[in-house]
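Structure record follows, encoded as C-alpha cells.
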Amino acid sequence: MKIHLDIGHPAHVHYFRNFIKIMTEKGHLFSITARDKEVTFNLLDKYNIPYTSRGKGKTGLIGKILYIFQGDWILIKSALKFKPDLFLSFGSTYAAHAAFFLRKPHITFDDTEHAVLEHLMCFPFTSTILTPKSYIKNLGKKQIRFSGFIELCSLHPKYFELDNSILETMKILPGDKFVLLRFISWQASHDFGIKGIDWDTKMALIEELSKEHKVFISSEAELPDQLKKYKLPVPPEKIHNVLKYATLYIGEGATMASECAVLGTPAIYVNELDAGTLREQADYGLLLNLRNSHNLIETVKELIKKKNLKEEWQDHLQKMLEEKIDVTAFMVWFVENYPSSFKTMLFNPDYQYNFK
C-alpha cells in the first residue's frame with residue numbers, strides 16, 4: 001500500500017511515527033508532506049522520517065485562506081508523482097482536497113471540536129473521520145469513534161520509553177520539584193478572539209510556584225526578556241520525558257495537557273476552548289479543565305500542598321489505561337484493511353477492543 005501522510009503540527013509527528021515504523025516494516029510505502037511549524041522538521045529528522053516541506057503556512061484569516069491553494073497544489077503535485085492508494089492526516093484540509101481531486105480516499109483523525117473553519121474545509125472532502133468516543137459532535141455517516149486518546153499513539157506504555165538524562169540537562173536533583181508552564185501563540189484559526197492566562201496571572205503564578213518549585217516555560221511564541229531565564233532547555237523530542245517527570249503542568253495548550261493526562265502527570269488546562277477528550281480526562285481525574293484563570297492561583301495552591309499528588313494521579317492513570325485501546329495498533333489495522341475495516345467498525349464497534 002502507498003500512503004500519503006500530511007503533517008501540520010509537531011504533535012502529529014508523535015501521533016504517526018510508530019504507525020509509520022510498523023507499516024514500513026510491513027512493506028508499505030509513504031510519501032510525507034509537512035508544514036514548517038515550530039519543531040516539526042526537527043522531530044521528523046530526529047526520527048529519520050523523510051518528508052517534503054509545504055512551507056510555513058500563513059497567519060491571519062485571509063492569509064490562511066490564500067495558503068489553501070498553495071498547500072493543495074504542493075500535495076497534488078507530490079501525489080501525482082507518488083500515486084498513493086490513500087491519504088492520511090490529522091485534520092488536514094490539503095490532504096482532503098488532494099485526495100478528492102485525485103479520487104482517492106482520505107482518512108483523517110480529529111479531536112478538536114472547535115476547529116470549525118478547518119472542519120468546513122476538510123470534512124466534506126474526506127472519506128472517513130476517526131474520533132475519540134468522547135468527541136462532542138456527531139459528524140454523521142463518515143465518523144468512526146474509537147475508545148482512546150490520540151496521544152496514546154506515542155505515550156501508551158507499549159511505546160513510551162522514559163529517559164532520565166533530561167534531569168541533568170534541566171539541572172534537576174533527586175527530590176527537586178518542578179512545574180512546566182505552556183503558553184501558546186494564538187495564531188491558529190480556531191484561536192481567534194480566544195483567551196488563556198492573562199499576563200498578570202502568569203507573573204503571579206511564577207512568583208507563587210517559585211517558592212518551592214523550579215519553574216520552566218515552553219512557549220510557541222518568543223518569550224519576553226523577563227521570562228527567558230525560565231525557558232525549557234530541552235530538545236523537542238524529549239518533551240514527553242519532561243512532562244512525565246514534572247510535578248505539575250499548567251498551560252493554555254490542550255495538546256500538552258492531554259499528553260500529561262495520559263502520562264499520569266497532574267495538569268491544569270486554562271483556555272476558553274473545550275474538547276470532549278479534555279472533559280473525559282477530567283472525569284478520570286487526570287486534569288483540571290478551566291475556562292479562564294480567575295481562580296487559577298488558588299487552584300494551584302490547593303494542588304501543590306498535597307504530599308502524594310503524583311501517586312494519586314497514577315491511580316487515575318491505571319484506570320484509564322485499563323479501559324482504552326492501543327490506538328497505534330488500531331490505526332495499523334484500520335488503514336491496512338480499509339475500506340473493509342470501516343464496515344467492521346460500523347457494524348461491530350467492539351472489534352476495536354482486540355487492540356489492547
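We did not get these values from a lab; they are worked out from the coordinates using the rules stated. Since we're looking at a predicted model, the values are computed, not measured. All Cβ positions, glycine included, derive from the backbone under ideal geometry; neighbour counts span all protein chains shown.
Points worth noting:
- Residue list for the range 263-295, given a label point 7 angstrom along the Cα-to-Cβ vector of residue 323 and an amide N cut-off under 12 Å: 280-286
- In the chain, the DSSP-assigned H stretches of four residues or longer account for a calculated mean residue ellipticity at 222 nm of -12500 deg cm²/dmol, using -39500 (n - 2.57) per stretch and the full residue count as denominator.
- Rounded to the nearest 20, the Cβ-based charge dipole of the chain about its Cα centre (Lys and Arg +1, Asp and Glu -1) stands at 940 debye.
- Folded to 0 to 90 degrees: helix 199-209 orientation relative to the chain principal axis, Cα: 60
- Taking the charge dipole of the chain about its Cα centre, with +1 at Lys and Arg Cβ atoms and -1 at Asp and Glu Cβ atoms, the residue from 127, 204, 147 reaching farthest to the positive side is 127.
- Theoretical gain in end-to-end length, residue 25 to residue 220 [0.36 nm per residue, Cα-Cα removed]: 66.8 nm
- Centroid-to-centroid separation of the range 194-270 and the range 20-61 [C-alpha atoms, Å]: 26
- Note that the chain carries a Kirkwood radius of 21.1 Å, evaluated over its alpha carbons pair by pair.
- Peptides ranked, highest mean first, by Cβ atoms within 10 Å: ranges 231-237, 297-303: 231-237, 297-303
- Pairwise label distance in nanometres, residue 46 with residue 307, each label 7 Å out on the Cα-Cβ vector: 3.7
- For the chain, the longest principal axis of the alpha carbon atoms and the long axis of helix 10-25 meet at an angle near 50°.
- Just checking the listed ones, 47, 15, 135: in the Gaussian network model of the chain with Cα springs under 10 Å, the one fluctuating most is 47.
- Projecting the Cα atoms of 251, 344, 331 onto the charge dipole of the range 216-356 (Cβ charges, centred on the Cα centre) puts 251 farthest toward the positive pole.
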